[in-house]
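Enquirer: Handing you this structure, nothing more for now.
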């Protein structure tokens, strides 16, 4: 039976939805953990869950050639260790909306890097789809909300957001390169990436002379439960979806769809009583039109 033609795109949108929900939960965790500590917490828990899943699925340790291991490990250092920490830093400095707005740079960066490194050129219609999707998402995200109020350090936020975008782009392309050139199990590939990410997180904590756990205050039982749920959805399930997306569709398209997570925050906000503006609805419709182009032109 042939692989579902839209498997990569569907996995990317599923991962985006899971990350949207987890981002709301991680925002609350950010009041207890530092950015580095939160990344260490979610990466460590995800690693345990993924190891259990991989061992059950394959029955033992995989055989991975050295070059594939290095590519995945380094992609984890860049994308998870550096990139995700930078995202949490950006989110704490200027709020989740603006952090995601700067992160929108990652899809075109990913597509350009993949073009040169993987010879993975995209048709003009795909570039148009990416531009429409990112334009719609940017319009939604750039709208000021009550969450954006307060004294935010925009300069630091933009700097960390840019690091996040570059880290995601490089990590995505390196992962796709490893997955295309080997038959490594997808779950084990995530495990290797997270190992690289954790090493980077520990190194950054040592460099800053900080505790790797990075607690601001003692976490309550409720915050720990929220953090665990966010990790399960955003670092375990979403990471698996991300690997499937990177494996089965072009890197630029995968990253574009993964970055559409904020669109899923609109219905979630409406359910929780937040007023959704016509601007946000129009932006979401524009982005959905871009997503449709990416699917139909597959």
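The values are calculated or read from the model by the stated rules, or taken from the named source; none is laboratory data. It should be emphasised that the depicted structure is a prediction, and the values quoted were computed from it without experimental measurement. Ideal geometry is used to build each Cβ from the backbone, glycine not excepted, and the neighbour counts take in all protein chains shown.
Enquirer: For region 223-235, which residues satisfy the criterion of being within 30 Å of residue 119 (Cα to Cα) and surrounded by fewer than 22 Cβ atoms within 10 Å (Cβ to Cβ)?
Expert: So in region 223-235, the residues within 30 Å of residue 119 (Cα to Cα) come out as 235.
Once the filter is applied, which keeps residues that are within 30 Å of residue 119 (Cα to Cα) and surrounded by fewer than 22 Cβ atoms within 10 Å (Cβ to Cβ), region 223-235 yields nothing.
Enquirer: Still on this model: Within region 202-222, is there a residue that is in contact (Cβ under 8 Å) with a residue 40 or more places away in the chain, more than 23 Å from the chain's Cα centre (by Cα), crowded, with 16+ Cβ neighbours inside 10 Å and part of a loop (DSSP other than H, G, I, E, B)?
Expert: Yes, region 202-222 contains a residue that is in contact (Cβ under 8 Å) with a residue 40 or more places away in the chain, more than 23 Å from the chain's Cα centre (by Cα), crowded, with 16+ Cβ neighbours inside 10 Å and part of a loop (DSSP other than H, G, I, E, B).
Enquirer: Another question, then. Is there a residue in region 4-26 that is part of a loop (DSSP other than H, G, I, E, B), free of Cβ contacts under 8 Å to residues at least 40 places away in the same chain and in contact with a helix residue (DSSP H, G or I) (Cβ under 8 Å, 6 or more places away or on another chain)? Steps first, please.
Expert: Restricting attention to region 4-26, the residues satisfying the condition of being part of a loop (DSSP other than H, G, I, E, B) are 4-6.
Add one more test, that the residue is free of Cβ contacts under 8 Å to residues at least 40 places away in the same chain, and what stays is 4.
Adding the requirement that they be in contact with a helix residue (DSSP H, G or I) (Cβ under 8 Å, 6 or more places away or on another chain) leaves 4.
Yes, because at least one residue in region 4-26 is part of a loop (DSSP other than H, G, I, E, B), free of Cβ contacts under 8 Å to residues at least 40 places away in the same chain and in contact with a helix residue (DSSP H, G or I) (Cβ under 8 Å, 6 or more places away or on another chain).
Enquirer: Going through region 65-100 one residue at a time, which ones are within 24 Å of residue 280 (Cβ to Cβ), surrounded by fewer than 22 Cβ atoms within 10 Å (Cβ to Cβ) and either under 16 Å from the mean Cα position of the chain (by Cα) or modelled with pLDDT of 90 or more (or both)?
Expert: 97
Enquirer: Please count how many residues of region 55-76 are closer than 20 Å to residue 174 by Cβ, assigned to a helix (DSSP H, G or I) and in contact with a helix residue (DSSP H, G or I) (Cβ under 9 Å, 6 or more places away or on another chain). Walk me through how you get there before you give the answer.
Expert: Taking region 55-76 and keeping what is closer than 20 Å to residue 174 by Cβ, we get 62, 64-76.
Retained after the next criterion (residues that are assigned to a helix (DSSP H, G or I)): 66-76.
Next, only the ones that are in contact with a helix residue (DSSP H, G or I) (Cβ under 9 Å, 6 or more places away or on another chain) stay: 67-76.
Qualifying residue count for the region: 10.
Enquirer: Quick check, is residue 258 farther than 23 Å from residue 68 by Cα and either more than 16 Å from the chain's Cα centre (by Cα) or crowded, with 21+ Cβ neighbours inside 10 Å (or both)? Reasoning before the result, please.
Expert: Details: farther than 23 Å from residue 68 by Cα: yes; either more than 16 Å from the chain's Cα centre (by Cα) or crowded, with 21+ Cβ neighbours inside 10 Å (or both): yes.
Here the answer is yes, as residue 258 does meet what is asked.
Enquirer: Taking only region 42-54 into account, find how many residues are in contact with a helix residue (DSSP H, G or I) (Cβ under 6 Å, 6 or more places away or on another chain) and either assigned to a strand (DSSP E or B) or under 22 Å from residue 221 (Cβ atoms) (or both).
Expert: Residues meeting the conditions: 5.
Enquirer: If I go through region 106-140 residue by residue, how many of them are within 16 Å of the chain's Cα centre (by Cα) and under 20 Å from residue 280 (Cα atoms)?
Expert: Residues that pass the stated criteria total 2.
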